[in-house]
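Shown next, in structure tokens, is the structure this report addresses.
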Amino acid sequence: MDNKTATSPMNASNETLDGHHPATKRHGFWTKKKIICAAILAFIVVALVIILPVLFLVIGPKLAQSGINDSVLTVTDASILNPQNATFNMALAIAVTNAGKVKATLTHTSPVAVWWVIPGKGEQQLLTMTLPPFSVDHSGSGTINANVQNVTILDQALFAQFNQYLIASPSFQWRLVGELSAHAIGRDYDGLTMDKTITVTGMNQLPNTNIPEFQLLGFPSQTAATPILMNATLVNPSPVGLSLGVIVFSVTDITGTTVIGNATTTGDTIVLGGGQTTKMILSGFINPLAGFPAALTTNLTMVLGGAMNLTLIVTPLSVGGATPVSWVQGGLQGLPLKAVMGKAPSK
């Protein structure tokens, strides 16, 4: 039997087989936690390197184009000024809504082509115009405000037809086509397009036209014309206003069969748009009463005495005075409009 004391298991565990103690384990800089954080950071960097170009080069342009496609344009003012045969100026205001959720500035990089959508007949291009940049906010809303110079008329005869339709109809449609660029989220996006068909309120034959004030410059005569001065008012429901110059009207009864007389505007006539009231001063004459039917003579006498109102037909014989503009005169000349003459209170 060996008399040496046996080595305890605890002591044996702290020694190597050759009797030496093992070296103490040391931890370097890259701990497990730091390795995980570094891996996550590297993943984020790689993801950003991939995602940001996709965001700016692919998603950004698509968002900008989508905002243009979804936007709603509402014309609130389109006053035609300084009309010439081939051009005119326009005071234009368009409300923009639903243009996305990103604040942006949009610039027209080409002239805007304006097409008239003709009911049942397709489309024909009317105009070209150059519009300024405009901005939309985070709600997708903005306004295009511009004094557009030298709007170009491509076909004067066609534009005269359009103006006649504008005056006679409750609404019309324009198609606006052009190229744009957008500046949003710190970048510029080129190659965008606009192709919008908008509906605009027409003049609808200017239904609220009245001659509430008049003054005879003599007594009605059976054999001679009687001079008369008149103040007329009209309310244009369309945002499209129009400078008409001097207008000469033929005035008939409601059936259009009896010519009562004529009237000429004093000075340049500018029909205001957007529901505003336009006032016109006219001078004219009433034809000899001998040529009128008895009932018309009676009614006209009551109107002149303030006892009743009478609906008349006023038809432009000439528009623009000595230097008419082809498409203004062509759009209004010969177009019958109703006007109520009389001082009697409305019932």
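The values are calculated or read from the model by the stated rules, or taken from the named source; none is laboratory data. As the structure is a computational prediction, the values presented were derived from the model and not from experiment. All Cβ positions, even for glycine, are placed from backbone atoms using ideal geometry, and neighbour counts span all protein chains on display. Please note that ligands, DNA and RNA were not included when accessible areas were found on the heavy atoms of the full protein model with its side chains. Shrake-Rupley method; radii C 1.70, N 1.55, O 1.52, S 1.80 Å.
Of the set (1) surrounded by 19 or more Cβ atoms within 10 Å (Cβ to Cβ); (2) under 16 Å from residue 89 (Cα atoms), all apply to residue 167 but (2). Residue check: residue 270 meets all listed conditions (1) under 26 Å from residue 200 (Cβ atoms); (2) over 28 Å from the mean Cα position of the chain (by Cα); (3) among the β-branched types (Val, Ile, Thr) but one, namely (2). Of all residues in the range 300-332, those satisfying the criterion of being in a loop (DSSP other than H, G, I, E, B), open to solvent by 50 Å² or more (accessible area, probe 1.4 Å) and under 29 Å from residue 220 (Cβ atoms) are 305, 307, 309. Annotation: of all residues in the range 179-195 being surrounded by 16 or more Cβ atoms within 10 Å (Cβ to Cβ) and either free of Cβ contacts under 8 Å to residues at least 24 places away in the same chain or not polar (S, T, N, Q) (or both), the one that is nearest to residue 279 (Cα to Cα) is 194.
Taken as a whole, the condition of being within 15 Å of the chain's Cα centre (by Cα), of a type outside the set (Phe, Trp, Tyr) and more than 22 Å from residue 319 (Cα to Cα) does not apply to residue 217.
All conditions in (1) polar (S, T, N, Q); (2) within 17 Å of residue 338 (Cα to Cα); (3) without any contact (Cβ under 8 Å) to a residue 12 or more places away in the chain hold for residue 277, with the sole exception of (3).
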